[in-house]
2 protein chains.
Amino acid sequence: MPRDRSPTRIQKRNRATIIEAALDVFSQHGFRGATVDQIATAAGLSKPNLLYYFPSKEAIFTELLSELLDTWLAPLREIDPKGEPLDEILAYVTRKLQMSQDMPRESRLFANEIVQGAPRMIDALSTDLRALVDETETIFADWMDAGRIARVHPRHLLFSIWSLTQHYADFEVQVQALMTPEDPFAEAGAFLDTLYRRMLTPTVSPAILGDA
Amino acid sequence: MPRDRSPTRIQKRNRATIIEAALDVFSQHGFRGATVDQIATAAGLSKPNLLYYFPSKEAIFTELLSELLDTWLAPLREIDPKGEPLDEILAYVTRKLQMSQDMPRESRLFANEIVQGAPRMIDALSTDLRALVDETETIFADWMDAGRIARVHPRHLLFSIWSLTQHYADFEVQVQALMTPEDPFAEAGAFLDTLYRRMLTPTVSPAILGDA
DNA sequence: CTGACATTTGACCATCTGGTCAAACTCACG
DNA sequence: CGTGAGTTTGACCAGATGGTCAAATGTCAG
């Protein structure tokens with residue numbers, strides 16, 4: 001196996017190629033359904049060669065997961081507690097929908113894993129993600145307390161955004177099978193904008209409650 | 001293999017047991033991840049015995065899928081075009097959420113299959129389901145034309161209901177990991193009711209448009 | 001009770017799959 | 001060049017897996 005010391009040019013290239021190939025294969029077939037040979041072929045390497053860079057199939061998978069989790073959650077961290085609440089939320093929805101369009105493999109990778117009980121992710125879920133979600137919930141709740149958006153269960157609000165945006169990546173074949181030629185993502189953008197606007201626009205003017 | 005003629009008592013019992021066991025195993029591991037041995041054990045049969053009732057793993061799976069599709073779509077067929085629009089939709093949402101709570105295995109079985117490209121379902125999707133969805137879309141569109149619910153893209157409205165309700169079954173581990181002791185389904189019911197009420201309540205009184 | 005048919009099983013097989021290993025090859029660098 | 005480390009590969013292995021088969025066992029109508 002490669003030394004611990006600074007990776008060579010070839011190591012960098014091959015590890016990257018393998019991760020990319022693994023994303024392709026794992027997102028299509030899930031962990032169990034993917035074979036090392038498939039990944040190796042997709043990466044243009046022989047199986048033993050691939051296993052020279054990663055000790056096992058499991059290792060490739062966990063490496064991939066941990067590399068991706070940050071990227072996947074980045075849009076959530078960008079929500080600005082000091083911004084205009086509805087704008088912040090709508091912008092987050094847009095970013096998430098964009099990610100579903102641009103990175104459907106990543107979305108399906110997580111979906112596959114979670115549907116099957118997330119055996120290799122539980123830890124990350126209940127620590128890192130948990131903390132981030134708690135933070136976000138506080139932001140939402142504060143906005144609601146200030147009357148700047150309508151009151152709903154803040155955590156379920158977040159779940160709904162995940163669910164609705166990722167649906168277009170995770171269930172793409174279904175959406176496609178039911179949509180004929182139209183472009184699902186364009187329509188989805190408009191639909192989601194309307195949905196969250198109507199759900200979250202306060203019924204009483206927030207101006208009353210003091211920011212003038 | 002069993003004769004084509006009327007199934008015996010034992011055949012009926014064992015085929016049912018096998019299907020039930022298969023639902024358990026397939027919904028947890030997906031098609032590829034499930035093994036015939038697992039299903040046989042779960043059904044309390046030996047592997048060759050199981051294969052006496054079904055010619056192959058594939059056959060069990062497709063049988064299971066086709067048996068379940070009807071059940072799964074039943075709530076959709078119950079929408080009454082002559083009913084009060086908002087009530088009909090909210091009732092449909094409630095039925096779907098209830099199904100996610102009562103039949104999470106079924107939900108995950110479909111989720112697994114669709115995330116992986118639905119190789120064994122494409123046909124059903126683009127024929128049977130397609131027709132049903134087209135019908136429903138017309139109902140929604142008519143209601144919107146009559147001003148009885150607010151206007152949104154009707155097909156995406158349907159997608160949103162599927163997405164939001166099935167999320168609580170398909171991504172149960174994630175929801176659980178982020179919810180501590182609370183009961184997700186109870187809160188989800190309230191959340192979804194609010195969401196669809198606010199999104200769909202017409203801004204102009206429908207009475208104006210003539211039903212008095 | 002018995003024969004015909006239904007059901008069950010242990011033994012077996014071919015293939016797939018994750019992973020190993022020693023030998024061969026390539027490459028950077030003195 | 002030459003040499004040692006880094007890289008690649010063919011051959012191989014053990015266990016898992018889908019599926020087969022002939023023989024054994026159970027069931028039930030006549």
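The values are calculated or read from the model by the stated rules, or taken from the named source; none is laboratory data. Keep in mind that what you see is a predicted model, and the values were worked out from it rather than measured. Cβ: placed from backbone, ideal geometry, glycine included. Neighbour counts: every protein chain shown.
Listed residues B:Ile10, B:Ile60; which is of a type in the set (Val, Ile, Thr) and under 27 Å from B:Leu125 (Cα atoms)?
B:Ile60
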* Asked: Within segment B:191-202, is even one residue more than 17 Å from the chain's Cα centre (by Cα), more than 20 Å from B:Pro81 (Cβ to Cβ) and at pLDDT below 95?
  -> no
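Can you tell me which residue among B:Leu50, B:Leu97, B:Leu76 is in a helix (DSSP H, G or I), in the same structural domain as B:Ile18 (by TED's automatic domain parsing), at pLDDT 95 or above and of a type in the set (A, V, I, L, M)?
Numbers: B:Leu97 fails: in the same structural domain as B:Ile18 (by TED's automatic domain parsing); B:Leu76 fails: in the same structural domain as B:Ile18 (by TED's automatic domain parsing).
Testing whether each residue is in a helix (DSSP H, G or I), in the same structural domain as B:Ile18 (by TED's automatic domain parsing), at pLDDT 95 or above and of a type in the set (A, V, I, L, M) leaves just B:Leu50.
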* To do: May I ask you to say which residue of A:Ala111, A:Ala131, A:Ala141 is small (Gly, Ala, Ser), assigned to a helix (DSSP H, G or I) and crowded, with 22+ Cβ neighbours inside 10 Å?
  => A:Ala111
* To do: Identify, by number, the condition in (1) modelled with pLDDT of 95 or more; (2) within 14 Å of DNA strand D (Cβ to nearest atom); (3) more than 14 Å from chain B (Cβ to nearest Cβ) that A:Lys57 doesn't meet.
  => (3)
* **Any chance B:Pro55 is under 27 Å from A:Ala34 (Cβ atoms) and part of a loop (DSSP other than H, G, I, E, B)** => yes
* Of all the residues that make up segment B:15-47, how many are within 12 Å of DNA strand D (Cβ to nearest atom) and not in a loop (DSSP other than H, G, I, E, B)? -> 15
* Does A:Ile89 count as of a type in the set (Val, Ile, Thr), in a helix (DSSP H, G or I), within 16 Å of DNA strand D (Cβ to nearest atom) and crowded, with 18+ Cβ neighbours inside 10 Å? -> no
